[in-house]
Protein chains: 2
Amino acid sequence: MGHRVDDLLGTLRHQGERVTPARRAVIEALVAADGHLGAEDLVDRAQRSVPSVHRATIYRTLDTLERLGVVVHVHLGHGRAAYHLSDDVHQHLVCEVCGDVTEAPPRLFDAVARRLLQSDGFAMRPYHFAVVGECARCQDP
Amino acid sequence: MGHRVDDLLGTLRHQGERVTPARRAVIEALVAADGHLGAEDLVDRAQRSVPSVHRATIYRTLDTLERLGVVVHVHLGHGRAAYHLSDDVHQHLVCEVCGDVTEAPPRLFDAVARRLLQSDGFAMRPYHFAVVGECARCQDP
DNA sequence: CCGGTTCTGCGACCTGGTCGCATCGGTATC
DNA sequence: GATACCGATGCGACCAGGTCGCAGAACCGG
């Protein structure tokens, strides 16, 4: 939806941030993807609509959007980071064999988080890293 | 303990692997540390006893040791990997603010792992990634 | 102590991300 | 509209953490 994009650009403007073609391209890619997107995917897609945008600009744009609370990034294992709109937080499961990424049941870590807070005073940030393991298809034969 | 080291070197020999100064140095560093050690720490320490060992050799040695089941590596967030002897597996908690790494209660993820296996057939590998969050000291004042 | 195979040192390379700098161009103001 | 300010951009170099291919060294069974 185009006005989803406009809304997000509006939040930028509202916080005194500039609306530029590069930022528009990143946000459009994010909205169109409707799910998480790797940083390099985002580079590709944004460059499809605005060929001149530089990799570094996209990383900087993502930092800005994250600072403003528009997107969040998660780590899907190893090096790769993925971004999605922040109203769509959820826990990811990633299969180490086939690389497939799925969504975990919500509130999966509630009990664990509560327990860690009580026992160690440690405030777990569950969504920030994916849960790694092996998916059903890759375990069977 | 020196014969801890000898035991491990023995396992190598037994599997048809060669015992070399580089491998000895890595294993000694690991045994002496008695806990997890970052890959680059390991490079430093191994080079302290055998200055000529190359970074690449240490990474290869760690791969070999992992293949033989002697060590395991875990990811402590971002890029850094840490290694420890495989009889000392445990879950790590890492504070994103101060970087401090502590040990989590054992079996912390048992219930979650069971649930994921039932609902999605997904076999979680809990120890492989640390739990990130914020430690008690960094939250308070 | 010899030979064959495995390890090693070396340096180049790779991925994923960051930085400094000069320039460009949104936006507020007039 | 036109202007000017300052933040955003493009660019290429750089960084961390790790991997690879190769030629030569060295382990270890005989």
Q | Members of region B:14-29 found to be within 8 Å of DNA strand D (Cβ to nearest atom) and either within 14 Å of B:Val53 (Cβ to Cβ) or surrounded by 12 or more Cβ atoms within 10 Å (Cβ to Cβ) (or both), listed by number | A | B:Glu17, B:Val19, B:Thr20, B:Pro21
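Conditions tested, residue by residue: (1) in a strand (DSSP E or B); (2) touching a Leu at 6+ places or on another chain (Cβ under 9 Å); (3) within 14 Å of chain A (Cβ to nearest Cβ).
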{"site": "B:Leu42", "(1), (2), (3)": "no, yes, no"}
{"site": "B:Ser52", "(1), (2), (3)": "no, no, no"}
{"site": "B:His78", "(1), (2), (3)": "no, no, yes"}
{"site": "B:Leu108", "(1), (2), (3)": "no, yes, yes"}
{"site": "B:Val132", "(1), (2), (3)": "yes, yes, yes"}
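Within region B:115-141, which residues are of a type in the set (A, V, I, L, M) and either over 15 Å from A:Glu134 (Cβ atoms) or in contact with a Gly (Cβ under 6 Å, 6 or more places away or on another chain) (or both)? Break it down stepwise before answering.
From region B:115-141, those of a type in the set (A, V, I, L, M) are B:116-117, B:123-124, B:130-132, B:136; that's our starting set.
Within region B:115-141, B:Ala123, B:Met124, B:Ala130, B:Val131, B:Val132, B:Ala136 meet the criteria.
Looking for something over 13 Å from the mean Cα position of the chain (by Cα), under 20 Å from A:Val43 (Cβ atoms) and not hydrophobic (A, V, I, L, M, F, W, C) - is there at least one such residue anywhere in region A:78-87? I'd like the intermediate steps shown before the answer.
Initial filter on region A:78-87 (over 13 Å from the mean Cα position of the chain (by Cα)): A:78-79.
Next, from what is left, pick out any that are under 20 Å from A:Val43 (Cβ atoms): A:78-79.
Those still in the list that are not hydrophobic (A, V, I, L, M, F, W, C) too: A:78-79.
Yes, the conditions are met somewhere in region A:78-87.
Let's see how each residue does on (1) in contact with a strand residue (DSSP E or B) (Cβ under 8 Å, 6 or more places away or on another chain); (2) more than 9 Å from DNA strand C (Cβ to nearest atom); (3) not polar (S, T, N, Q):
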position: A:Gly2; (1), (2), (3): no, yes, yes
position: A:Thr11; (1), (2), (3): no, yes, no
position: A:Glu17; (1), (2), (3): no, no, yes
position: A:Pro21; (1), (2), (3): no, no, yes
position: A:Ile27; (1), (2), (3): no, yes, yes
position: A:Ala32; (1), (2), (3): no, yes, yes
position: A:Leu37; (1), (2), (3): yes, yes, yes
position: A:Arg45; (1), (2), (3): yes, yes, yes
**Q.** Pairs, first within 15 Å of A:Ala29 (Cα to Cα) in region A:47-58, second within 8 Å of DNA strand C (Cβ to nearest atom), C-beta under 8 Å, six or more apart
**A.** A:Val50/A:Pro21; A:Val53/A:Pro21; A:Ile58/A:Ala39
Q) Tell me, which residue of region B:54-76 that is in contact with a Leu (Cβ under 9 Å, 6 or more places away or on another chain) and within 14 Å of chain A (Cβ to nearest Cβ) is farthest from DNA strand D (Cβ to nearest atom)? A) B:Val72
Q. Between a first residue in region B:91-114 that is closer than 17 Å to A:Pro126 by Cβ and a second residue that is hydroxyl-bearing (Ser, Thr, Tyr), which pairs have beta carbons less than 7 Å apart while being 6 or more apart in sequence or on different chains?
A. B:Gln91/B:Tyr127; B:Leu93/B:Thr102; B:Pro105/A:Ser119
Q) Looking at (1) part of a helix (DSSP H, G or I); (2) within 14 Å of chain B (Cβ to nearest Cβ); (3) buried (at least 16 other Cβ atoms within 10 Å of the Cβ); (4) not small (Gly, Ala, Ser), which is the only condition A:Arg137 fails? A) (3)
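Throughout, read-outs are computed from the coordinates displayed, never taken from laboratory work. This is a predicted model, so every value here is computed, not measured. Virtual Cβ from ideal backbone geometry, glycine too; neighbours counted across all protein chains shown.
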